[in-house]
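The structure under discussion appears below in the form of structure tokens.
Every number here is computed from the coordinates shown, using simple stated rules; none is lab data. This structure is a prediction, so every number in the text was calculated from the model and none was measured. Using ideal geometry, Cβ is built from the backbone for each residue, glycine included, and neighbour counts are taken over all protein chains shown.
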Amino acid sequence: MMIARIRGRRPDYQSLDYLRHRRHDGPASVRTIRHVSTEQPQPARRYRFLGLFKGLRPRIEAKPAVGKALEGSILCYVFRANMRRLATFENEIRWPRRVLTLTEAVKYIDATGYCMLFPVRNVPLPSLYYAVTRRGLQGQWKWDKYSSMVWRWKDELPRRRRAVYAKYFRGRGTFISLKFLPYFLTMEGSAVAEGDHDGFYAEGRIRDDCRIIWEALEEHGPLATLELRNACKMDTKAGNIRFKRAILELQCMLIVVHFGAEQETNAWASGRYELMRRAFAKQTEAARQLSSEDARTWLAAKFRERNPDASPTHLTRLFGWLKAEAAAAWEGTMRPSHVPGQRKASQ
């Protein structure tokens with residue numbers, strides 16, 4: 001529990017400057033932070049909160065008013081766990097500057113290895129949205145030039161083959177760098193070849209709707225949503241439900257990738273889909289040379305680099321690995337070849 005005592009001025013409930021909250025600063029402890037009025041106030045990091053003080057009423061000890069100014073002291077009890085739950089900025093990384101160009105977005109994705117399009121609760125990964133807008137999704141959604149850039153880049157990056165975008169973690173928008181794509185493909189067993197859809201279906205790895213979509217993309221090449229639904233005979237209302245479920249399953253297996261957008265109607269542009277093995281052939285070929293154990297170890301090493309206080313349990317929840325696989329990958333991250341600081345020294 002953290003205690004902030006503020007005297008002589010009104011507190012700014014939208015500022016965390018008076019809490020000086022940082023990541024990985026040791027166990028939560030009781031602290032008293034005193035602030036007095038200054039002639040040159042320091043810049044404060046601003047966050048959006050939704051109900052931070054809801055149900056948490058600070059005790060106000062009023063003092064006699066002097067003119068129109070009211071002096072008082074406010075004792076605010078703020079639970080650190082509640083702060084993290086509402087702000088959810090602990091997953092974001094400190095980037096030197098706001099990401100404003102497509103090239104900077106590629107550098108950000110390459111640095112993170114894999115990240116989310118938007119912040120997702122219970123997914124401990126940074127998001128491109130925060131790197132561009134410098135704000136979370138708490139409070140009212142704001143559509144501006146920064147939000148528009150992020151939405152446009154999810155189509156441009158895979159179309160230019162600069163990064164992979166698919167609904168992967170928890171079925172939500174995910175970016176994967178080209179360097180880490182072979183590890184994901186090896187881990188999922190998705191470094192497929194032409195005609196593998198029949199084998200996947202025979203083994204029970206995909207449902208029939210997935211096989212139909214896979215076969216249509218293999219025959220016709222990249223297709224927009226409506227064209228693909230029509231080619232698969234899923235253009236009815238019930239067929240649309242089947243299509244959404246199957247295309248999501250194929251993206252989670254990294255067999256199908258988002259490959260741009262196309263304006264098919266007067267509404268929002270439709271997503272365009274392509275097979276991963278054709279869109280990123282070089283990375284697919286590299287994945288065939290890797291083992292599943294090495295792939296899991298490299299993915300775990302990147303996750304541990306950003307989250308030094310994490311545990312194998314976090315890997316199990318994030319990637320869906322077995323406990324034994326997560327423990328082996330976590331132990332493998334301690335080898336010099338996988339430790340970021342020792343990687344160059346070992347080469």
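Electrostatic tally near Met149: other residues with Cβ closer than 14 Å to its Cβ, Lys and Arg +1, Asp and Glu -1, net +3. Taking a Cβ cut-off of under 13 Å around Leu228, the surrounding Lys, Arg, Asp and Glu residues balance to a net charge of -4, with basic ones at +1 and acidic ones at -1. Here the Kirkwood formula, the inverse mean of 1/r across different C-alpha pairs, assigns the range 155-206 a hydrodynamic radius of 12.5 Å. For the range 102-179, the gyration tensor built on C-alpha atoms gives an oblate shape. Its axis ratio a/c (a ≥ b ≥ c) is at least 1.5, and a/b is not larger than b/c. Between Asn122 and Ala202, the contour length at 0.36 nm per residue exceeds the Cα-Cα span by 25.3 nm. Using the Cβ-Cβ distance between Ser147 and Ala324 with R0 = 41 Å, the FRET efficiency computed as 1/(1 + (r/R0)^6) comes to roughly 0.45. Fully extending the segment from Asn240 to His220, taken as 0.36 nm per residue of separation minus the present Cα-Cα distance, adds 5.3 nm. Would you tally the net charge around Ala131, using a Cβ to Cβ cut-off of less than 9 Å, leaving Ala131 out, and scoring K and R as +1, D and E as -1? Neighbourhood net charge equals 0.
How many angstrom lie between the C-alpha centres of the range 125-201 and the range 244-293? About 10 Å separates the Cα centre of the range 125-201 from the one of the range 244-293.
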